[in-house]
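The values are calculated or read from the model by the stated rules, or taken from the named source; none is laboratory data. Treat the numbers as computed from the prediction; the structure is a model and nothing was measured. Note: ideal-geometry Cβ built from the backbone for every residue, glycine included; neighbour counts use all protein chains shown.
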Amino acid sequence: MEKLLAHISHLEINSPDVESSVAFYVEKFGMREIHRADGTVYLRCWGDYSTYSLAVAPGSAPGLQRMAWRVTSAAALEAAARRVEATGISGTWSTGGYGFGRAYEFEGPSGHPMRLVWDVDKYEADADHASVFPDRPERRSDHAGAPRFLDHVTVATQDVRAFINWHVETLGFRAMAYTDLDEAPITVFGVLTTNEKSHDLGVVLDTSDVRGRVNHIAFWVDTYEELALCADVLMERGTGMEYGPSVHGIGEQNFLYFREPSSLRVELNSGGYRNYVPDWEPVTWLPSDGSNNLYRNGAMPMSMTESFPAADGYTATEEGLSVEMKHEVLTAYSDHGRG
Ligand SMILES: [Fe+2]
């Protein structure tokens, strides 16, 4: 398959209180408001080459409204749409929206609205925001620990391996790693990438019957020092750290997690390895290998198993399951006569 997808482009999220969420992303986290229309506010990181990477739209509950991926060419957009339609999914063509042109939109196999786009508006800084360096879209933010880019999104699905297989076979994602339980070959987490990053799409197991949920959205800073500074700045401004800073085993990125005012989980990453291997065979980790916490000494808070919007049932994390979820999935597993 020719390479179809280039990178994650932007995310649209829902918040019951858009203004509170936007105030958080701008004043505490260091993003910048760039546009607003019809109740949706568009935010950018200083290093985003396109106009924005996050749109905050009104909604009754926190959640992911849509994830957008940039394809590698106009021809790749047509090819990707054909491949999606060939799986039995019917998408629609959009003439475009704020910051992007013609786009193919569809609901992914686990109920996540997706957008594929080639034409995106490049960000052109005004004199107040222009960088002294010619390849930066904007000068570095003055805000301590401000994110440079959007990094990835981690969503929830009822079948991690099926979700990953669909994205690999249909859109050419590379499957990079899985986490199976120590107790049984049940896959609770996996990561995919469109490029050399260890992942730009993650997926956790969801035992709820609500489709299209999200576990977290994630941004990037260049260095661990900036990541630690971000944690410090947020703590000083009343936002606690849900988990981290620490280092993931899978991908080897530094991480920290916190919540924005809607309760949606936000992650910040730096570091991590680059992987260019075109025929990479995905690796299966166990939580005891340190899949989530490289040092194997983390006490992950069980709040990390919450996904959005809230639903009955459980979601996993990179590190595995809560006691309650483990009981549920292992009981279902043994009820099928396996183990
Ligand atoms: Fe993540």
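Things worth noting here:
- Any hit, the range 206-220, residues being touching a residue at least 12 places away in the same chain (Cβ under 8 Å), in a strand (DSSP E or B), away from the ligand (no atom under 15 Å from the Cβ) and more than 17 Å from V283 (Cβ to Cβ): yes
- When E260 is tested against (1) charged (D, E, K, R); (2) within 18 Å of the chain's Cα centre (by Cα); (3) farther than 22 Å from F219 by Cα, only condition (3) is not met.
- Hey, S90 free of Cβ contacts under 8 Å to residues at least 12 places away in the same chain, of a type in the set (S, T, Y) and assigned to a loop (DSSP other than H, G, I, E, B) or not: no
- Of all the listed residues (S270, S263), the sole one being in contact with a strand residue (DSSP E or B) (Cβ under 8 Å, 6 or more places away or on another chain) and not in a strand (DSSP E or B) is S263.
- Which listed residue, of H112, H167, H199, H152, is more than 22 Å from E33 (Cα to Cα) and touching a residue at least 60 places away in the same chain (Cβ under 8 Å): H112
- Qualifying residue in the range 263-281 (condition: modelled with pLDDT under 90, away from the ligand (no atom under 14 Å from the Cβ) and in contact with a Pro (Cβ under 6 Å, 6 or more places away or on another chain)): no
- Verdict on P278 being surrounded by fewer than 19 Cβ atoms within 10 Å (Cβ to Cβ), over 20 Å from the mean Cα position of the chain (by Cα) and not β-branched (V, I, T): yes
- A74 surrounded by fewer than 18 Cβ atoms within 10 Å (Cβ to Cβ) and in contact (Cβ under 8 Å) with a residue 12 or more places away in the chain: yes
- Filtered by the rule that a residue be more than 16 Å from the ligand (Cβ to nearest atom), in contact (Cβ under 8 Å) with a residue 12 or more places away in the chain and part of a loop (DSSP other than H, G, I, E, B), the range 170-194 gives G172, L181, D182, E183, A184, I186.
- Within the range 221-244, the set of residues being within 16 Å of the ligand (Cβ to nearest atom) and among the hydrophobic types (A, V, I, L, M, F, W, C) comprises V221, L227, C230, A231, M241.
- Scope the range 247-260; condition surrounded by 18 or more Cβ atoms within 10 Å (Cβ to Cβ) and either more than 12 Å from the ligand (Cβ to nearest atom) or in a strand (DSSP E or B) (or both); matching residues: V247, G249, Q253, N254, F255, L256, Y257, F258, R259, E260
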